[in-house]
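Peer 1: For reference, the structure I am asking about is given below.
The values are calculated or read from the model by the stated rules, or taken from the named source; none is laboratory data. Nothing here was measured: the structure is a model prediction, and the numbers come from that model. Reconstructed Cβ throughout: ideal geometry from the backbone, glycine too, with neighbour counts over all protein chains shown.
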Amino acid sequence: MRRRSTFLVTMLCFGFAFFYVPILSMMVYSFNGSRLATVWGGFSTKWYVSLLSNRQILNAALLSLKIALLSATMATILGTMAGIALARFKRFRGRTLFSGLVTAPLVMPEVITGIASLMLFILMAEWIGWPASRGFTTVTLAHITFSMVFVTTIVHSRLSEADAAVEEAAMDLGSRPWQVMKDITLPIISPAIVSGWLLAFTISLDDVVITNFTTGPGTTTLPILIWSKVKLGVTPDINALATITVCIVGTGVAIAGVILNRAEKRRDRDARMAYQANQ
Amino acid sequence: MPEPARTADQRAATTVAAFPGAQLPQTSVKAPPFIRIEHVTKRFGTFTAVSDVTLEIQKGEIFSLLGGSGCGKTTLLRVLAGFEAPTEGRVFIDGQDMTDLPPYERPVNMMFQSYALFPHMTVEKNVAYGLKHEDMTGAQRAERVREMLDLVQLTEFAQRKPHQISGGQRQRVALARALAKQPKLLLLDEPLAALDKKLREHTQFELMEIQEKTGTTFIVVTHDQEEAMTLSSRLAVMDKGRIMQIGTATDVYEYPNSRFVAGFIGSINFFEATVRTTGAETAEVEVPDLGGNVTARAIPGLAPGQPITLAVRPEKVHLARKRHDLPNTFPGTVQSLAYFGKDSLYRIVLPSGHVMLVNSVNARRAGEHERVADWEDAVFLSFDPAAAILLKD
């Protein structure tokens, strides 16, 4: 066992503390009995109870979930197609431009994307009369636009690593292109598609800036609601809400991690077995 | 040279379309070629990968495309498989024009260099994959898969995934998968390149056995000359997208038609020479680097005064301490020697300063001081007129 450097361990602790102490303190204070967010008034779950009876918050959460589900699914479909195009079609007219345009939103400031989307929706409403008003549709469209790029990036990198000859082999064995896609390409990139969808879902679920620009009256997503409530001061029910969100997201990430890790370990073990069998 | 283990009939059939320049008696067989590549050219932008290739291959042959990287051999293979459309020319298999058919409609299967096994399917499913497009019952399909796994001795690994088996086993799965549809033509892209040396030799013979059992026509792409010579009934040496020579291993080794082919296959000594006199059987050429005239086997179209290249294989040169009265005998000094056990490689400096490689088989068991020649020894080297190859280019 190598001797651990005290310096490294200290830095590691500081790093973790920096990330997680705020979240932990928020979780602790969500069980605060006091109305004042910064004064401890004993343990209580009353904020969780009040949260569940708050129709406004429940509606916002439901709306956010709907938008996230729809936009993540659409973004995954479009993003997967773009990722496959980039990974498998090495030569087509405008490929460089396409690749640039597809990945640009990754580095674009959200404010710019938000304003641009807003302008587009206003102009479209003027010229073609659609979308007539801003709300669920416009927010979803905007979310698809900016979360698609994450799916594209993940699928592209996964497929670039995979041997293109595998798809050629399937075609060589008599499969038409659509059968190759169904039998070979999609199964190979399925982990990338799943993680792309999860990422798109998470991004959509907690987006404030772009939603703020593209939403309309009556369409309040959860992050927007929290944002507007916090402006009036941090109340313990927000802490409770945030704690629930962290728990849901944390569980999801942990499950995905365990699944990926297990697949990886199984692969390692099999490879080792095959190696030993040949000794 | 190692000769492929073919029957006499097969060997006769395989010399049919041998290169016209090869000075070997040729058997003429009237059978139409099974595979015909007609003036195929493939350009990528300004780069010409394959340049005006015409090739005829008989049914049941193992034909090798041999060449260095970038010589166009893989591109030609991909044109045959249907992955690349030729810029010009046509491809016929069994009399049918295949040029415009997509890969999934060709009676051709390919074994990829990387094997390209489907990582998410078991060995059995990999082999069965191509059969789902065939018109056969489930029982027939299962029977064929069993046959194929039996052929490559992988029955007990049927339920394993590709990452659970070794490299050699993967290679055999790839072969079984490509043969399962009983293609008219099997294309093999560097089939042995990913295997280690010992396994490669073993697999080479296994491939030949399987080819004989199934009777499938094989086209093998390889950069390994030994592999091409052992495996194939005939081979084509390619360079810069062109076919330089087509023939049996012996044709190409003993009767190369150009400096490129002579130098690519095996090692060889080249000398600049000038034609002096020409006869029906032999020609006299003056070789300044050897310091005299050489009698060589004549080739058509020689004229006195013509500059030409003389080529001599190292193993065709005889070394002696004493001068014997033999044609083409020249003096030299041993500069260095490398002892390999079964043979030794000598570097002989000629009086002109030119170094000649001589390969001498150690047929006699002898101690260090009893060998043919030692360091710094003055020796005489000689070679038969038939071993002296004249090359125009």
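Peer 1: Does B:Val361 satisfy being in contact with a strand residue (DSSP E or B) (Cβ under 8 Å, 6 or more places away or on another chain), surrounded by 15 or more Cβ atoms within 10 Å (Cβ to Cβ) and among the hydrophobic types (A, V, I, L, M, F, W, C)? First the steps, then the outcome.
Peer 2: Details: in contact with a strand residue (DSSP E or B) (Cβ under 8 Å, 6 or more places away or on another chain): yes; surrounded by 15 or more Cβ atoms within 10 Å (Cβ to Cβ): no; among the hydrophobic types (A, V, I, L, M, F, W, C): yes.
No; evaluated as a whole, the condition is false for this residue.
Peer 1: With the condition kept exactly as written, say whether any residue in region B:157-177 is under 28 Å from B:Leu76 (Cβ atoms), more than 9 Å from chain A (Cβ to nearest Cβ) and of a type in the set (Gly, Ala, Ser).
Peer 2: Yes - at least one qualifying residue is present in region B:157-177.
Peer 1: Follow-up. Pairs please, first residue from region B:196-212 and touching a residue at least 12 places away in the same chain (Cβ under 8 Å), second anywhere and surrounded by fewer than 16 Cβ atoms within 10 Å (Cβ to Cβ), Cβ atoms under 7 Å, 6+ apart in sequence or on different chains.
Peer 2: Partner pairs satisfying both residue conditions: B:Met208/B:Ala5.
Peer 1: Quick one: which of A:Thr153, A:Thr140 is under 23 Å from A:Thr219 (Cβ atoms) and away from chain B (no Cβ under 14 Å)?
Peer 2: A:Thr140
Peer 1: Failed condition for A:Arg176, given (1) within 29 Å of A:Leu69 (Cα to Cα); (2) surrounded by fewer than 16 Cβ atoms within 10 Å (Cβ to Cβ), with all others met?
Peer 2: Of (1) within 29 Å of A:Leu69 (Cα to Cα); (2) surrounded by fewer than 16 Cβ atoms within 10 Å (Cβ to Cβ), only one is false for A:Arg176: (1).
Peer 1: When region A:64-76 is examined, which residues are found to be surrounded by 15 or more Cβ atoms within 10 Å (Cβ to Cβ) and either out of contact with any Gly (no Cβ under 7 Å at 6 or more places or on another chain) or on the phi > 0 side of the Ramachandran plot (or both)?
Peer 2: A:Ser64, A:Leu65, A:Ile67, A:Ala68, A:Leu69, A:Leu70, A:Ser71, A:Ala72, A:Met74, A:Ala75
Peer 1: Hey, another quick one. Answer with yes or no whether B:Pro327 is at pLDDT 90 or above and more than 30 Å from B:Ile243 (Cβ to Cβ).
Peer 2: Here the answer is no, as B:Pro327 does not meet what is asked.
Peer 1: Consider B:Leu188 against the criteria (1) more than 10 Å from every other protein chain (Cβ to nearest Cβ); (2) in a helix (DSSP H, G or I); (3) within 20 Å of B:Leu231 (Cα to Cα): it satisfies all of them except one. Which criterion is unmet?
Peer 2: The one condition B:Leu188 does not meet is (2).
Peer 1: Sticking with this one: Quick check on this structure: which one of B:Ala228, B:Ala236, B:Ala193 is surrounded by fewer than 21 Cβ atoms within 10 Å (Cβ to Cβ) and either away from chain A (no Cβ under 13 Å) or outside any helix (DSSP H, G or I) (or both)?
Peer 2: Working: B:Ala228 fails: surrounded by fewer than 21 Cβ atoms within 10 Å (Cβ to Cβ); B:Ala236 fails: surrounded by fewer than 21 Cβ atoms within 10 Å (Cβ to Cβ).
Exactly one residue qualifies, and that residue is B:Ala193.
Peer 1: Tell me which residues, restricted to region B:101-127, are crowded, with 22+ Cβ neighbours inside 10 Å and of a type in the set (A, V, I, L, M).
Peer 2: B:Val108, B:Met110, B:Met111, B:Ala116, B:Leu117, B:Val123, B:Val127
Peer 1: Every residue in region A:156-184 that is within 11 Å of chain B (Cβ to nearest Cβ) and either among the polar types (S, T, N, Q) or on the phi > 0 side of the Ramachandran plot (or both), please.
Peer 2: Once the filter is applied, which keeps residues that are within 11 Å of chain B (Cβ to nearest Cβ) and either among the polar types (S, T, N, Q) or on the phi > 0 side of the Ramachandran plot (or both), region A:156-184 yields A:Gly174, A:Ser175, A:Gln179.
Peer 1: Scanning region B:81-91 for residues that are in a loop (DSSP other than H, G, I, E, B) and in contact with a helix residue (DSSP H, G or I) (Cβ under 8 Å, 6 or more places away or on another chain), which turns out surrounded by the fewest Cβ atoms within 10 Å (Cβ to Cβ)?
Peer 2: Going through region B:81-91, the residues in a loop (DSSP other than H, G, I, E, B) turn out to be B:82-87.
Within this subset, residues satisfying the condition of being in contact with a helix residue (DSSP H, G or I) (Cβ under 8 Å, 6 or more places away or on another chain) are B:82-86.
Details: B:Gly82: 22, B:Phe83: 16, B:Glu84: 18, B:Ala85: 12, B:Pro86: 21.
Out of the qualifying residues, it is B:Ala85.
Peer 1: Of all residues in region B:98-126, count the ones that are in contact with a helix residue (DSSP H, G or I) (Cβ under 6 Å, 6 or more places away or on another chain), closer than 18 Å to B:His163 by Cβ and either within 10 Å of another protein chain (Cβ to nearest Cβ) or in contact (Cβ under 8 Å) with a residue 60 or more places away in the chain (or both).
Peer 2: So the count comes out to 9.
Peer 1: Please specify each residue of region B:127-148 satisfying the condition of being touching a helix residue (DSSP H, G or I) at 6+ places or on another chain (Cβ under 6 Å) and either free of Cβ contacts under 8 Å to residues at least 24 places away in the same chain or within 7 Å of another protein chain (Cβ to nearest Cβ) (or both).
Peer 2: B:Arg141
Peer 1: Given the residues B:Leu302, B:Leu310, which is the only one that is surrounded by 17 or more Cβ atoms within 10 Å (Cβ to Cβ), in contact (Cβ under 8 Å) with a residue 24 or more places away in the chain, in a loop (DSSP other than H, G, I, E, B) and not charged (D, E, K, R)?
Peer 2: On the way: B:Leu310 fails: in a loop (DSSP other than H, G, I, E, B).
Only one candidate passes the filter, namely B:Leu302.
Peer 1: Sticking with this one: Provide a single number: the residues in region A:189-221 that are under 12 Å from the mean Cα position of the chain (by Cα) and farther than 30 Å from A:Val166 by Cα.
Peer 2: Of the residues in that region, 7 qualify.
Peer 1: Follow-up question, since we're still on this one. Of everything in region B:255-284 that's assigned to a helix (DSSP H, G or I) and touching a residue at least 40 places away in the same chain (Cβ under 8 Å), which residue is farthest from B:Leu66 (Cα to Cα)?
Peer 2: Within region B:255-284, the subset assigned to a helix (DSSP H, G or I) is B:259-264.
From the residues that got through so far, the ones that are touching a residue at least 40 places away in the same chain (Cβ under 8 Å) too are B:259, B:262, B:264.
Values: B:Arg259: 16, B:Ala262: 13, B:Phe264: 10 Å.
Here the answer is B:Arg259.
Peer 1: Do we find that A:Ile238 is in contact with a Lys or Arg (Cβ under 9 Å, 6 or more places away or on another chain), surrounded by 18 or more Cβ atoms within 10 Å (Cβ to Cβ) and either in a loop (DSSP other than H, G, I, E, B) or touching a residue at least 60 places away in the same chain (Cβ under 8 Å) (or both) in this structure?
Peer 2: Here the answer is no, as A:Ile238 does not meet what is asked.
Peer 1: Looking at B:Asp94 and the list (1) surrounded by fewer than 16 Cβ atoms within 10 Å (Cβ to Cβ); (2) more than 19 Å from the chain's Cα centre (by Cα); (3) on the phi < 0 side of the Ramachandran plot, which single condition is not satisfied?
Peer 2: Failing condition for B:Asp94: (3).
Peer 1: If you go through region A:244-255 one residue at a time, do you hit one that is closer than 23 Å to B:Lys125 by Cβ, modelled with pLDDT under 80 and assigned to a helix (DSSP H, G or I)?
Peer 2: Within region A:244-255 (the criterion being closer than 23 Å to B:Lys125 by Cβ, modelled with pLDDT under 80 and assigned to a helix (DSSP H, G or I)), the answer is no, since none of the residues qualifies.
Peer 1: Filter the helices (runs of 4 or more DSSP H) completely within region B:106-184 down to those with at least 2 residues that are more than 26 Å from B:Gly60 (Cα to Cα), at pLDDT below 95 and under 30 Å from the mean Cα position of the chain (by Cα). Spell out how you get there, then give the answer.
Peer 2: Details: elements: B:123-128, B:138-151, B:167-179.
Here the list is empty.
Peer 1: Need pairs with beta-carbon distance below 9 Å; first residue on the phi > 0 side of the Ramachandran plot and within region B:368-384, second at pLDDT 80 or above; sequence gap 6+ or separate chains.
Peer 2: B:Glu376/B:Thr333; B:Glu376/B:Val334; B:Glu376/B:Gln335
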